[in-house]
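Colleague: One structure, pasted below without further comment.
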Amino acid sequence: MTKQVTLTIDGKQVTVADGMLVIDAAKTAGIDIPVFCYHPKMEPVGMCRQCMVEIGRPMIDRATGKAILDDKGDPKVQFMPKLETACTNPVSEGMVVLTQSDKAKAGQKANLEFLLTSHPLDCPICDKGGECALQDLTIAHGPGQSRYLYDEKMHLAKNVPLGELIFLDQERCIQCARCIRFQDEIAGDAVIDFDERGRSTQIVSLSDPGFDSVFSGNTTDICPVGALTTADFRFGARPWELNASASICSQCPVGCNLTFNTRREAMADGTIVIKRVMPRQNEEVNETWICDKGRFAYHYVESDARLGKSLIRKDGRLARASWDAATRAAGQAFAEAKKNFVVLASGRLSNEDLFNLKSLADQVGGKAVLYSNMGGGDLTALVGVGAGTNFGEMGKGTTIVVMASDLYEEAPIWYLRVKQAAERGATLIVANPRETKLERYSDFVIRYSYGDEVKTVQDLTKKGKVGDAFTKAENAVILFGSEGLGLEGSTALATACARALNDTEHVGKPNNGLIGVWQRANDQGAWEIGFRPEENLAAALKGKTVYVVGADPAGDDPALAKALSSAEFVAVQDLFETETAKLADVVLAAQAYTEREGTFTSGERRVQRFYPAVPALGESKPDYAITSQVARQMGVILEGTSASVVFDIMAADIPVFAGLNYARLAEVKEQWPIVGRGDMYYGGSTYENKQGLGVQLSNAASRGEKATLPRVQKVAAVRPKENKLLAVPFTKLYDRGATVASTELLDQRIGQAFVVLHPSAAKNLGIEAGERAKLTLDGINEEVVVKIDDTIPAGVVLVPRSMGLPINEPGEAGLKAGKKAAVR
């Protein structure tokens, strides 16, 4: 147990862990010390001098090493002649701190006056007004009037783009360096820094393109003034006008806790709209951070292309229809199909939606298919991480293996948390055929050839440096992805990972087990509920009656479009009139998750609630309610009025969810650091979590059940052939998926369709970086831009998923040179 020390702060005795900083000790006692540069997630630097206090320490007899006592027998306390910074001084036994003495208050007041010497007086038009640390602390601790003349103030640029997402107001910056330190210490992307000296000191971007980091938006949350603002929210609203709704990010499997800030908008004809996305604290998930995709990619929910009414095909064209007519048409076709009925759904849907869909398929003898080209979710249910697992607690004694995944691109917050675990002493093993950013923090890097994934995992259990680091670790976690793999290959990889963990007894206890780096937010939930992907999806759809929900197979793959064209009947339930919807007989208008409540199950198997933020569009309905209405047309009764009731039925029906309900998911507990909207100078403008931290599911191993794992199926490794290129899929953070592409702000980051070649392969083909080329995959020709990466195998061409290029698994590709193009 950590040694405890007792000190006195403003006459109040406080007992805290030895080594805690004075400012944090005061915070635990409910005493707020003003700060600008300090942030509880970063190393202290004492730059702003705002937290100056008087600190006294017991006088020690040098001869005996004991405290010198006064006449009453109490230790004599000696104060330093000058004020000290509370953010750089650790506590010690018997320390006495005065934060409200005349001397301390005078120091804090003087420091604020210095900070205001060249600060613009534009609070009425500043985006930070209402949640500005400088504003709040000036009122609480600052001078009533300034002694400086307006003509002496420096006037600097007011609208400086550090990148396309973040803008700098140079006049407002107080040089606290929070943003710079966040990018260096937390994000690991040191892409901004100070330039010039003295009063001319300014923040500049060091990268090309500017502010090249997927975490840039967090700097606006922790900026204590209005110096940094997002392009999305700049001049968009006043903070006090905004309502707050708790939610969960729907962009990746991490499950980051969010807050949607909304208001009624005159420019939107008086409707309530989302104005910005903010992080919501959950120290076991995303701490107080979110990535830029989660922050900015919400615009799809308010797209003009959203469906507000259902459609039925008449005379070869889709026409608007009533809910009764649309669901009756779908229900009749589904009932007639019997065993030829296929539900095809994706991890974009909530647990409640998926449960109703699975129940419908089961009751009428149909099949519930998960729209995914990644396998292994059944294994994470057996030996995946479970209750008590927290990356924030992992350090020395824990080994983390990241296999076939680029976490920076696929699950950015996991990248941050794994990086931090490695910095605390965890052993990090990164295995990938190409270089990834996480390697900078790894102890071991394994560079295998595409196709050797299973062998690489099996070698982890063998003797040797890397093997010993895994097998002898007290705790071990494997995160597996699908880089270069299709369904068959990723299933084999997951099986090998599960067996490696099971064989080394790294299952059934906290901070041990398997994590899938899924492509969608609730893929894990779909697996837990019983959905399974199909190896040959086109064959599974051909000639069948298909109910497609939250997926666009026809838009992703021409082969699937062909299969759906030959289907007996197709009903599509979605937000948009997708390419698949254009083939449908019936289209059902679904609500966005921001318009309703529900739950997601994260990759760490944590079930979390999200809440409605804005009114529903048009006549759209929640997916679970639509499925219930369709089922009634078939004579099947499913709950369709309340998401919480659907969840209760699911918890009673599926053992792994037993004991869970919405009330339990909404429970919270005290978290450290203490952040909230009442003292934004300490933790930034992130939201306190009052709506639920979620609950992790148990796994078979932790329940004492014997985990019977399948054997690793042999998969023929696809290798590059002579004078041929092997196309392998990989995941890119910003893509052309339906939930990202409609955000114009991200256009530059999404970019054009591209492929990646090794320099030697590009030279052999006569192609240079930036040139356009014609890519041929499965007989389909697409124009792409060529990028170069000297860390990938020479015979391989990397093809990004969800960029309009039809790739689901490794395969032969053709590439021919074209015209030059500008490349991001």
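The values are calculated or read from the model by the stated rules, or taken from the named source; none is laboratory data. The structure displayed is predicted, hence computed values, not measured ones. Reconstructed Cβ throughout: ideal geometry from the backbone, glycine too, with neighbour counts over all protein chains shown. SASA here: full protein model, heavy atoms, side chains in, ligands and nucleic acids out. Shrake-Rupley method; radii C 1.70, N 1.55, O 1.52, S 1.80 Å.
Colleague: Which pairs have Cβ atoms under 9 Å, sit 6 or more apart or on different chains, and link a residue in the stretch 436-460 that is on the phi > 0 side of the Ramachandran plot to one that is part of a loop (DSSP other than H, G, I, E, B) and open to solvent by 60 Å² or more (accessible area, probe 1.4 Å)?
Modeller: GLY451/ALA716; GLY451/VAL718; GLY451/ARG719
Colleague: Within the stretch 641-663, track down each residue that is among the small types (Gly, Ala, Ser) and open to solvent by less than 20 Å² (accessible area, probe 1.4 Å).
Modeller: ALA643, ALA651 - these are the residues of the stretch 641-663 that are among the small types (Gly, Ala, Ser) and open to solvent by less than 20 Å² (accessible area, probe 1.4 Å).
Colleague: Also, quick follow-up: Are any residues in the stretch 780-802 farther than 15 Å from ARG447 by Cα and hydroxyl-bearing (Ser, Thr, Tyr), and if so, which ones?
Modeller: Hit for the stretch 780-802 is SER802, nothing else.
Colleague: Could you check how many residues of the stretch 550-572 are out of contact with any Asp or Glu (no Cβ under 6 Å at 6 or more places or on another chain), outside any helix (DSSP H, G or I) and not acidic (Asp, Glu)?
Modeller: Total satisfying the criteria: 6.
Residue by residue, here is whether (1) polar (S, T, N, Q); (2) in contact with a Pro (Cβ under 8 Å, 6 or more places away or on another chain); (3) open to solvent by 10 Å² or more (accessible area, probe 1.4 Å) holds:
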| position | (1), (2), (3) |
| --- | --- |
| PRO553 | no, no, no |
| ASP556 | no, yes, yes |
| ASP585 | no, no, yes |
| GLY618 | no, no, yes |
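Colleague: Find the strands (runs of 3 or more DSSP E) located wholly in the stretch 361-470 whose residues include 3 or more that are over 30 Å from MET634 (Cβ atoms), modelled with pLDDT of 95 or more and open to solvent by 10 Å² or more (accessible area, probe 1.4 Å), and list them.
Modeller: Where strands (runs of 3 or more DSSP E) fall fully within the stretch 361-470 and carry at least 3 residues being over 30 Å from MET634 (Cβ atoms), modelled with pLDDT of 95 or more and open to solvent by 10 Å² or more (accessible area, probe 1.4 Å), they are 444-446.
Colleague: Kindly indicate whether MET42 is closer than 17 Å to ALA133 by Cβ and surrounded by fewer than 17 Cβ atoms within 10 Å (Cβ to Cβ).
Modeller: Taking the combined requirement at face value, the residue satisfies it.
Colleague: Any residue at all in the stretch 79-86 that is among the aromatic types (Phe, Trp, Tyr) and farther than 24 Å from ASP221 by Cα?
Modeller: yes
Colleague: Report whether or not PHE296 is within 26 Å of the chain's Cα centre (by Cα), aromatic (Phe, Trp, Tyr), within 30 Å of ILE180 (Cα to Cα) and not in a helix (DSSP H, G or I).
Modeller: no
Colleague: Going residue by residue through the stretch 2-9, is there one that turns out to be within 26 Å of ASP136 (Cα to Cα), open to solvent by less than 30 Å² (accessible area, probe 1.4 Å) and at pLDDT 95 or above?
Modeller: yes
Colleague: Then there's this: Please pick out the residue among THR28, THR85 that is open to solvent by 30 Å² or more (accessible area, probe 1.4 Å) and hydroxyl-bearing (Ser, Thr, Tyr).
Modeller: THR28
Colleague: Hey, could you check the stretch 536-549 for residues that are open to solvent by less than 20 Å² (accessible area, probe 1.4 Å) and out of contact with any strand residue (DSSP E or B) (no Cβ under 6 Å at 6 or more places or on another chain) and say which is farthest from TYR298 (Cα to Cα)?
Modeller: Checked the stretch 536-549; the qualifying residue farthest from TYR298 (Cα to Cα) is ALA540.
Colleague: Do the conditions hold for ALA631, that is, is it out of contact with any strand residue (DSSP E or B) (no Cβ under 8 Å at 6 or more places or on another chain) and either open to solvent by less than 70 Å² (accessible area, probe 1.4 Å) or among the basic types (Lys, Arg) (or both)?
Modeller: yes
Colleague: Exactly one of (1) open to solvent by 90 Å² or more (accessible area, probe 1.4 Å); (2) part of a loop (DSSP other than H, G, I, E, B); (3) β-branched (Val, Ile, Thr) is unmet by ILE139. Its number?
Modeller: Against the list (1) open to solvent by 90 Å² or more (accessible area, probe 1.4 Å); (2) part of a loop (DSSP other than H, G, I, E, B); (3) β-branched (Val, Ile, Thr), ILE139 comes up short only on (2).
Colleague: Could you please find all residues in the stretch 21-35 being aliphatic (A, V, I, L, M) and assigned to a loop (DSSP other than H, G, I, E, B)?
Modeller: Residues satisfying the conditions are ALA29, ILE31, ILE33, VAL35.
Colleague: Taking the condition among the hydrophobic types (A, V, I, L, M, F, W, C) and crowded, with 22+ Cβ neighbours inside 10 Å, does PHE182 pass?
Modeller: yes
Colleague: Related question: Before we move on, is GLY481 small (Gly, Ala, Ser) and open to solvent by 10 Å² or more (accessible area, probe 1.4 Å)?
Modeller: In short, no.
Colleague: What are the residue pairs meeting all of these: first residue in the stretch 3-31, first residue under 17 Å from VAL675 (Cα atoms), second residue modelled with pLDDT under 95 and open to solvent by 50 Å² or more (accessible area, probe 1.4 Å), Cβ atoms under 6 Å, and 6 or more apart or on different chains?
Modeller: These pairs meet every condition: LYS27/ILE674.
Colleague: So which residues in the stretch 62-82 are touching a strand residue (DSSP E or B) at 6+ places or on another chain (Cβ under 6 Å) and open to solvent by less than 70 Å² (accessible area, probe 1.4 Å)?
Modeller: If the condition is that a residue be touching a strand residue (DSSP E or B) at 6+ places or on another chain (Cβ under 6 Å) and open to solvent by less than 70 Å² (accessible area, probe 1.4 Å), then ALA67, PRO75, VAL77 are the ones that fit.
Colleague: Being over 24 Å from the mean Cα position of the chain (by Cα), under 14 Å from VAL799 (Cβ atoms), open to solvent by 50 Å² or more (accessible area, probe 1.4 Å) and basic (Lys, Arg) narrows it down to one residue among LYS774, LYS763, LYS724; which is it?
Modeller: LYS774
Colleague: Determine whether THR271 is open to solvent by less than 30 Å² (accessible area, probe 1.4 Å) and over 23 Å from LYS41 (Cα atoms).
Modeller: Taking the combined requirement at face value, the residue does not satisfy it.
Colleague: Check off (1) within 43 Å of the chain's Cα centre (by Cα); (2) of a type in the set (Gly, Ala, Ser); (3) within 30 Å of GLN145 (Cβ to Cβ) for SER101 and give me the number that stays unchecked.
Modeller: That leaves (1) as the condition not met.
Colleague: Now a separate question. Can you say whether VAL728 is over 26 Å from GLY451 (Cβ atoms) and of a type in the set (Val, Ile, Thr), as far as the supplied structure shows?
Modeller: For VAL728, the condition - over 26 Å from GLY451 (Cβ atoms) and of a type in the set (Val, Ile, Thr) - is not met.
Colleague: Also, I was wondering about something else. Restricting to strands (runs of 3 or more DSSP E) lying wholly in the stretch 712-824: which have 1 or more residues that are of a type in the set (Phe, Trp, Tyr), within 25 Å of LYS293 (Cβ to Cβ) and in contact with an Asp or Glu (Cβ under 9 Å, 6 or more places away or on another chain)?
Modeller: Per the criteria, 725-730.
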